[in-house]
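Visitor: One structure, pasted below without further comment.
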Amino acid sequence: MLDVRHFHVVFTLPSELRPLARLAPRVVYETLLHAAQRTLLEFGRSRLQATIGATLVLHTWTRKLELHPHVHAIVTAGGLSADGEHWRPASKRFLFSVEAMGKVFRGKMMTALGRAYDDGAFAHLADFHDPQAFAARMARLPKRWNVYAKAPFKKGQHVLSYLGRYTHRVGIANSRLLAVSDRAVTFRTKGQGTETLTPVAFLERLVQHVLPDGLHKIRHVGLYAPASATRRELARVRLGGIVRIRRTRTWRERLAQLTDRDVAVCARCGGRVFTVVLPACRAPPMVAA
């Protein structure tokens, strides 16, 4: 992370497109993520004449487990100029106009969905067997799409702490399950609110948030893209920071971080565990019959 202010921007799929997301989630979610990232990067180039950095996370649920696809984006409050010589900061009060971003986001989503329809991505859906059905659905979409920007974080560490609560969150945590029986499931919603469903209805809500296999719900773009490591470190220099050289961690270090257990220490006696590398075994020689 660059140690600069970051804005939290949310791109929401209109409710009119949620049925399509339920029927063709891979196409709609890929389109949603791609439209959000392209909107941010284009506004960075046109408004700041710079490349911004952003991390995007796809969420699909509400506290009631209803389908509500939206993308959270943590965006640097500024970017690196094209020649790499300057850091161009954004306004202290706002990143970009949310109304303008909403218009561009809408245009990109509708264009991409139209292209997907032309390519046959929705051919398996009975709703679109009528040649005019898709165009009619697009025509009913609202003119104004919801893009929301929250107040900026001042430090990169605050961004990490906040983003860490979003990246691997699922639809519901065990702590929100209040009562489970063969007849009903009761869970906490927002605040002190609760909701009770039959087990089948609860599972129907839960499984609609299982993402298509192989879909990456976390995206790093601009200066935060893996391929932009050199420009990201250049941006750090322009900000007056210290270039950080990342050391590749061993598998033991990674396992210790994930499990809080040191595999070099015996779980029973607490003594040190040593690795013994055995010589490669050779096959016995062939014996003629």
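Visitor: Rounded to whole Hz and in sequence order, give me ³J(HN,Hα) for segment 40-46 from the Karplus expression 6.51 cos²θ - 1.76 cosθ + 1.60, θ = phi - 60°, writing x for Gly and Pro.
Guide: Running phi through 6.51 cos²θ - 1.76 cosθ + 1.60 with θ = phi - 60° gives 5, 5, 5, 5, x, 5, 7 Hz.
Visitor: Oh, and also: Relative to 2.2 N^0.38 Å, what does the C-alpha radius of gyration of segment 1-74 come to as a ratio? Two decimals please.
Guide: Compactness ratio reported: 1.23.
Visitor: Let me ask another. How do the peptides 138-144, 49-55 rank, highest first, by the average count of neighbouring beta carbon atoms within 10 Å per residue?
Guide: Per-residue mean Cβ counts within 10 Å order the peptides as 49-55, 138-144.
Visitor: Counting Lys and Arg as +1 and Asp and Glu as -1, each charge on the Cβ, what is the dipole of segment 162-258 about the Cα centre in debye, to the nearest 20?
Guide: That gives segment 162-258 a dipole magnitude of about 760 debye.
Visitor: Still on this model: Please tell me which of these pairs span more than 30 angstrom C-alpha to C-alpha: Lys64/Lys155; Lys92/Lys190; Lys108/Lys217?
Guide: Violating the 30 Å limit, Cα to Cα: Lys64/Lys155; Lys92/Lys190.
Visitor: Determine, for each peptide in 174-186, 85-97, the mean count of other beta carbons within 10 angstrom over its residues, then list the peptides with the highest first. Walk me through the numbers on the way to the answer.
Guide: Numbers: 174-186: 11.2, 85-97: 15.7.
The packing order, highest mean first, is 85-97, 174-186.
Visitor: So what is log10(I(q)/I(0)) for segment 1-133 at q = 0.14, 0.23 1/Å, when the Debye sum runs over its Cα atoms only?
Guide: Values returned for q = 0.14, 0.23 Å⁻¹ are -0.69, -1.35.
Visitor: Continuing with the same structure: Work out the charge dipole of segment 85-203 with +1 on the Cβ of Lys and Arg and -1 on the Cβ of Asp and Glu about the Cα centre, then indicate which of Gly114, Pro199, Ala173 is farthest towards its positive end.
Guide: Farthest towards the positive pole: Ala173.
Visitor: Also, I was wondering about something else. In deg cm²/dmol and to the nearest 500, what is the mean residue ellipticity at 222 nm of the chain if only DSSP H runs of at least 4 residues count, each as -39500 (n - 2.57), divided by the residue total?
Guide: -10000 deg cm²/dmol
Visitor: Dipole of segment 176-264 (Lys/Arg Cβ +1, Asp/Glu Cβ -1, origin at the Cα centre): which of Leu239, His216, Thr186 lies farthest to the positive side?
Guide: Leu239
Visitor: Right, another one. Roughly how many debye, to the nearest 20, is the charge dipole of segment 7-54 about its Cα centre, given +1 on each Lys and Arg Cβ, -1 on each Asp and Glu Cβ, and no other charges?
Guide: Dipole size: approximately 20 debye.
Visitor: Highest first, please rank the peptides 258-268, 117-127, 36-46 by the mean number of other Cβ atoms sitting within 10 Å of their residues. Provide the component values of the computation, followed by the final result.
Guide: Values: 258-268: 10.2, 117-127: 12.5, 36-46: 20.3.
My ranking of the peptides, most packed first, is 36-46, 117-127, 258-268.
Visitor: Compute the distribution of all C-alpha to C-alpha distances in the chain, in bins of 5 Å from 0, and list the percent of pairs in each, rounded to whole numbers.
Guide: Going from the shortest bin to the longest, the percentages are 1, 5, 9, 12, 12, 12, 11, 11, 9, 6, 4, 3, 2, 1, 1, 0, 0, 0.
Visitor: Additional query: Evaluate the charge dipole of the chain about its Cα centre and quote only its size in Debye, nearest 20, assuming +1 on the Cβ of each Lys and Arg and -1 on the Cβ of each Asp and Glu.
Guide: Computed about the Cα centre, the dipole is about 1120 debye.
Rule-based calculations on the coordinates, nothing more; no lab input. Treat the numbers as computed from the prediction; the structure is a model and nothing was measured. Backbone-built Cβ (ideal geometry, glycine too); neighbour counts: all protein chains shown.
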